[in-house]
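The structure appears right after this line, and notes come after that.
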Amino acid sequence: MIDKVLIINTGGTIGMVNSEKEDPNSPLRPANNWNEIAKEHPILEKFLTDYYQFSPLIDSSDMSPEIWIKIAGIIEKNYENYRGFVVLHGTDTMAFTASALSFMLKNLDKPVVLTGSQVPLQFPRSDALQNLITAIQIAGNDLYGVKLVPEVCIFFRDTLMRGNRSRKIDATNYFGFSSPNYPAIGEIGGDIRIIKDRILDRPANKNFYVDGKMNSKVIILELFPGLNPQYLKSIFENTDEIKGVILKTFGNGNAPTSEEFLNVLKYISSKGIVIVDITQCTKGFVKMGLYEASAKLTDAGVISGVDLTPEAAVTKLMYLIGKGYDTEAIK
Ligand code: ASP
């Protein structure tokens, strides 16, 4: 019987220590040895887990597509041997990793729960222990009386969120994540309540596999009033490498209507580059054509990203370009 959860530790604050042992104000760095920290919390031994540690452990500011592929590979290699997976991760780029994994892990029918903390596990007043224990219980599903969640998700503080809908919204607060365009898939208080009609169905095809050749030749550009279109153009005049652009526009997907700006977008499109329009707003979605200011973007070859988060948009584009699709297929 499969009765364990695999914890995959990539790094992040949850397992960090002060760089100068005796100085609580010294910068935080990943600890070399998780066991040293975890042994201060004997309650963790009550849970059926195995542990895999990345070497080196990283601050998630150093996360990369290569490491996503590595995480996916570890899950693939161990897929049949565990009920589910907990990925310990720095909070800063956790939403990118969750999004990337959601596209790469195909026919997933086990939980992959990302979590971390705002304060290290080793510190007395930390959010780490509860985040970790709850993530283990969600990943372990019916072993702990929790409904199976067959998807990549983020658990933080009191909320289980779909991974590719999540965003880090607070740099210090314990309620650090939110899912602005999709409701919570689980609410966690005294009970762990998984909201059945919000989670994905189990895949019909049971053959789990990893589909991950991420191509990072993409860029995110954010509009602001006064942006000189020539600055934008000069980026693309100097390289033929970029294959995809995420354009963070205003409101419902609006952008300047000047000929000069639109001509720059046409120039970018003419190079076979996919331009995806997503909103700068925290919540809501792109409605191309609602205003003239977005209707003109369609003529310039821009496609709507509807309600994708920036994290999901950029990783989805990396995934699609990585698959070798041409511009039209990606669109
Ligand atoms: N800088 C840290 C990281 O992302 C922050 C955290 O874990 O909360 O690795």
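Read-outs: derived from the displayed coordinates by stated rules, not from any lab. The model shown is predicted, which means the values in this text are computed figures rather than measured ones. Every residue, glycine among them, receives a Cβ derived from its backbone with ideal geometry; neighbour counts consider all protein chains shown.
Some notes on this structure:
- Lone qualifier among Asp299, Asp307 - being touching a residue at least 24 places away in the same chain (Cβ under 8 Å) and closer than 26 Å to Met214 by Cβ: Asp307
- For segment 23-42, a residue qualifies if it is closer than 11 Å to Asn9 by Cβ and either part of a loop (DSSP other than H, G, I, E, B) or within 15 Å of the ligand (Cβ to nearest atom) (or both), and the qualifying residues are Pro30, Ala31, Asn33, Trp34, Ile37.
- Pairs where the first residue, in segment 43-66, is without any contact (Cβ under 8 Å) to a residue 60 or more places away in the chain and within 16 Å of the ligand (Cβ to nearest atom) and the second is part of a loop (DSSP other than H, G, I, E, B) and not aromatic (Phe, Trp, Tyr), C-beta under 6 Å, 6+ apart: Asp59/Gly90; Ser60/Gly12; Ser60/His89; Ser60/Gly90; Ser60/Asp92; Ser60/Thr93; Ser61/Asp92; Met63/Thr93
- With respect to the stated conditions, Ile14 is assigned to a helix (DSSP H, G or I) and crowded, with 20+ Cβ neighbours inside 10 Å.
- Those helices (runs of 4 or more DSSP H) lying entirely in segment 292-331 with at least 3 residues more than 16 Å from Ile268 (Cβ to Cβ): 292-299, 310-322
Matching residues to (1) touching a strand residue (DSSP E or B) at 6+ places or on another chain (Cβ under 6 Å); (2) farther than 26 Å from Pro183 by Cβ:
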position	(1), (2)
Gln230	no, yes
Glu237	no, yes
Ile242	yes, yes
Phe250	no, no
Gly253	yes, no
Ser270	no, yes
Val274	yes, yes
Lys283	no, no
Lys287	no, no
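So that you can scan it fast, the table gives a plain yes or no per residue for (1) surrounded by fewer than 17 Cβ atoms within 10 Å (Cβ to Cβ); (2) among the aliphatic types (A, V, I, L, M); (3) within 16 Å of the ligand (Cβ to nearest atom):
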{"site": "Phe155", "(1), (2), (3)": "no, no, yes"}
{"site": "Arg165", "(1), (2), (3)": "no, no, no"}
{"site": "Ser179", "(1), (2), (3)": "no, no, no"}
{"site": "Pro183", "(1), (2), (3)": "yes, no, no"}
{"site": "Tyr209", "(1), (2), (3)": "yes, no, no"}
{"site": "Pro225", "(1), (2), (3)": "yes, no, no"}
{"site": "Asn228", "(1), (2), (3)": "yes, no, no"}
{"site": "Lys243", "(1), (2), (3)": "no, no, no"}
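- Selection status of Phe96, within 16 Å of the ligand (Cβ to nearest atom) and either over 18 Å from Tyr182 (Cα atoms) or outside any strand (DSSP E or B) (or both): yes
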